[in-house]
1. Quick check: is even one residue across the range 77-84 open to solvent by 90 Å² or more (accessible area, probe 1.4 Å) and modelled with pLDDT of 95 or more?
2. Return only the number of the condition from (1) closer than 21 Å to F101 by Cα; (2) hydroxyl-bearing (S, T, Y); (3) open to solvent by 70 Å² or more (accessible area, probe 1.4 Å) that T56 does not satisfy.
3. Just for the range 21-46: of the residues that are open to solvent by 100 Å² or more (accessible area, probe 1.4 Å) and hydrophobic (A, V, I, L, M, F, W, C), which one is modelled with the highest pLDDT?
4. Helices (runs of 4 or more DSSP H) wholly in the range 14-104 with at least 2 residues that are of a type outside the set (S, T, Y) and under 21 Å from the mean Cα position of the chain (by Cα) - which ones?
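The values are calculated or read from the model by the stated rules, or taken from the named source; none is laboratory data. The shown structure was predicted, so the numbers you read here are calculated from the model rather than taken from an experiment. Just so you know, the surface numbers come from the protein's heavy atoms only, side chains and all, with ligands and any DNA or RNA stripped out. Shrake-Rupley method; radii C 1.70, N 1.55, O 1.52, S 1.80 Å.
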Amino acid sequence: MVRSSPRWTGSDAALRSLQVAFDVEKQVIDAVRYAAFRNQLSPSDQIRTILGLPCTSKPVRPRLTVSLSDADYDILAERFGLAVDDKRKIKESLHEALINFARQQKAPDGDPPSSP
């Protein structure tokens, strides 16, 4: 018999879990995603809440991600007037662009967003 490392013992239950996918109308998907956003939950945790199941997710640092190709960096460098190889400066400019975008938006409830 092969013994598993004690380090992996905690993941045994997760390995026995099954992911369930729901094919539903876009309206249902949007409602769940919006509720998850309002409640600061992942869509999966929002579904668990709706179904009356416990949520075991640990809070995570909120962040946004995007994948950028070399071609994307070329476009962004030109847009921001930066050197293509200065990825740090390009990322800083992207960060500022997102902050400026957020300042111009209205919150879903109609209130202006709070200052970041």
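1. Going through the range 77-84, the residues open to solvent by 90 Å² or more (accessible area, probe 1.4 Å) turn out to be 78-79.
From what is left, the residues that are modelled with pLDDT of 95 or more are 78-79.
Yes: one or more hits.
2. (1)
3. Filtering the range 21-46 for residues open to solvent by 100 Å² or more (accessible area, probe 1.4 Å) gives 22-23, 25-27, 33, 37-38, 40.
Retained after the next criterion (residues that are hydrophobic (A, V, I, L, M, F, W, C)): 22, 37.
Working: F22: 76, F37: 90.
The extreme case among them is F37.
4. Values: elements: 26-38, 43-50, 70-80, 87-104.
Counting at least 2 such residues, we get 26-38, 43-50, 87-104.
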